[in-house]
Amino acid sequence: MARGLRAATSPPLPDDTAQALVSQDVTIELVADHPLIRDWRTAIAACGLKPSTWKSSPEQLARRTLKSGPVQTGLALVDLYCEVATRHLAPLGGYDVDRLPGEPIVLRMARPDDRFVPLGGGDIPLTDKVAVYAAGSTVLCWAYNCRDSRETCLTEDTDTGLFRGEAVTARQHDALRTALSDLAGRLSAAGAEVGPVVFADAEHPEITIE
């Protein structure tokens, strides 16, 4: 979690993101076969979804960066965490703490009474096979990291942000840890007050962030 984001500076993004991908043998033609991306494709397929249609956020970002350059949303904070996620092929999500429901965030399967307002719109299937992050009945992110909610995402007015990432296989752990450390360092250097990076896992499935 990071506070003081409105007053933080907007550091320039690196201009070597595409080259960082190529150095990891990531190209437009081969991105789907990269081990870190392939693991996400398997996870998306396990949700009953077609991985070539519903791409994980690392695959979406890598493809976009290799084709036309880093993501530019108009929001410096979003562009920052997207660049970090792209560089490390690790999914990251950012949420405005003041817009979150006052309930614990849970990684679970979607439920019939869930509410999801996806960024970009579209018809998003909420089946009991699809993993979502939810607070109560409000879905924050769908199919692990495929689509974020318009209701809880970062905005230009965000002052306190919660940043989340995940790994579904052991070989994704290092990339995730490196990405979260990189993001925390950049936010701190920009002047934000950044809390500790904490992890949940099978043995410790619950964490508290003050």
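A few points about this structure:
- Residue that is surrounded by the most Cβ atoms within 10 Å (Cβ to Cβ) [pool: residues in the range 139-155 that are of a type in the set (S, T, N, Q) and over 21 Å from GLY48 (Cα atoms)]: THR152
- Options ALA167, ALA179, ALA134: the member that is part of a helix (DSSP H, G or I), of a type in the set (Gly, Ala, Ser) and touching a Leu at 6+ places or on another chain (Cβ under 8 Å): ALA179
Residues checked against (1) closer than 30 Å to THR9 by Cβ; (2) more than 15 Å from the chain's Cα centre (by Cα):
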| site | (1), (2) |
| --- | --- |
| SER52 | no, yes |
| GLU59 | no, no |
| ARG63 | yes, yes |
| LEU89 | yes, no |
| LEU92 | yes, no |
| ARG99 | yes, yes |
| GLU103 | no, yes |
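- Within the range 41-83, considering residues that are among the hydrophobic types (A, V, I, L, M, F, W, C) and within 25 Å of MET1 (Cβ to Cβ), the one modelled with the lowest pLDDT: VAL71
- Complete set of residues in the range 143-159 that are under 21 Å from SER10 (Cα atoms) and either free of Cβ contacts under 8 Å to residues at least 12 places away in the same chain or polar (S, T, N, Q) (or both): THR155, THR158
The values are calculated or read from the model by the stated rules, or taken from the named source; none is laboratory data. Please read these numbers as outputs of a predicted model, since none were measured by experiment. Neighbour counts are summed over all protein chains in view; Cβ atoms, including those assigned to glycine, are modelled from backbone coordinates with ideal geometry.
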